[in-house]
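These notes concern the structure reproduced below.
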């Protein structure tokens, strides 16, 4: 729609609104943006702030759009609501396009799930070439990325924080982390989603736990790490692959390179021996000095070739039919 047609359209909307033929809500929606946008701190784009751009976008977009984010440090606490879908947020440069905030649990009345820098609730959201950080420091839970949307992709991003860096959640949500760098201290990847981490660097900054999954009982795969590198700060030498936040936690490492900071036992039961009967913690064909399958917790698994072959992207994200309240629920 060119400018002339756009002006005519909005003039027509105003006329209908004035005579009462167009509901105010419909008119407001007509003004919402449904095209590609540019965010730039220097004022050269459509908006200076990312949240302003998000707030201006039409809900339930009929077609995908891209929000291009120019270089700069955007000190914003951002939420993408569940009513926004089909949007890609693409940074100009991974290291120079940074979304930063510093909230943390215990700051006023704030709790863990309020402490995010970026919160994604919408489906079909892509985040690419961005650094997302929580700079609160080692003050407890302080989330950088809180994501509950389904069919979301985090591509070539840096996710920086300490405790609880990435909350990958949503009981029926599927999320794909590709070519990312993720760092933290305690339980820095946690939650209930089905999430595939592929070709990522997972960096531990202290002796602690990498994952704390809370996978629902009916979810098949939980957290899957494929072709990832597990690294650590100098002096860090006692790191567990994971511990179960909830009873049916599922976490699997496939073809990953593990540094010597990974403890031989590999997995922890969070001082709840009963979880050993319900969790599914497994590895397959990993490498590095931290991969010691013969020394792993007796209740963990080493996948067979056949079992490992089932961990394809298509299978992981396909979902599963389960009987619930007499009907079948299925993720699609």
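Peptide packing for 244-251, 102-109 was compared via the average number of neighbouring C-beta atoms within 10 Å per residue; ordered from the highest value, the list is 244-251, 102-109. Look at the alpha carbon pairs under 8 Å that are at least 6 residues apart: their mean separation over the length of the chain gives a relative contact order of 8 percent. The packing ranking, built from the mean of other Cβ atoms within 10 Å per residue, places the peptides 231-237, 123-129, 172-178 in the order 172-178, 123-129, 231-237, highest first.
Annotation: for a label point projected 7 angstrom from Cα along Cα→Cβ of residue 287, residues of the range 249-264 with backbone N closer than 19 Å are 253-262. The angle between the Cα long axis of helix 3-18 and the longest principal axis of the Cα atoms of the chain comes to about 80 degrees, rounded to the nearest 10. Dividing the helix sum by the residues of the chain, where each DSSP H run of 4 or more adds -39500 (n - 2.57), gives a mean residue ellipticity at 222 nm of -3000 deg cm²/dmol. Here the chain carries DSSP beta bridges of which approximately 5% are antiparallel, counting only pairs with both residues inside.
Taken together, the values in this text are just the output of simple stated rules run on the coordinates, not laboratory data. Worth saying up front: this structure is predicted, and the values here are computed from it rather than measured. Note that each Cβ is placed from the backbone with ideal geometry, even for glycine, and that neighbours are counted across all protein chains shown.
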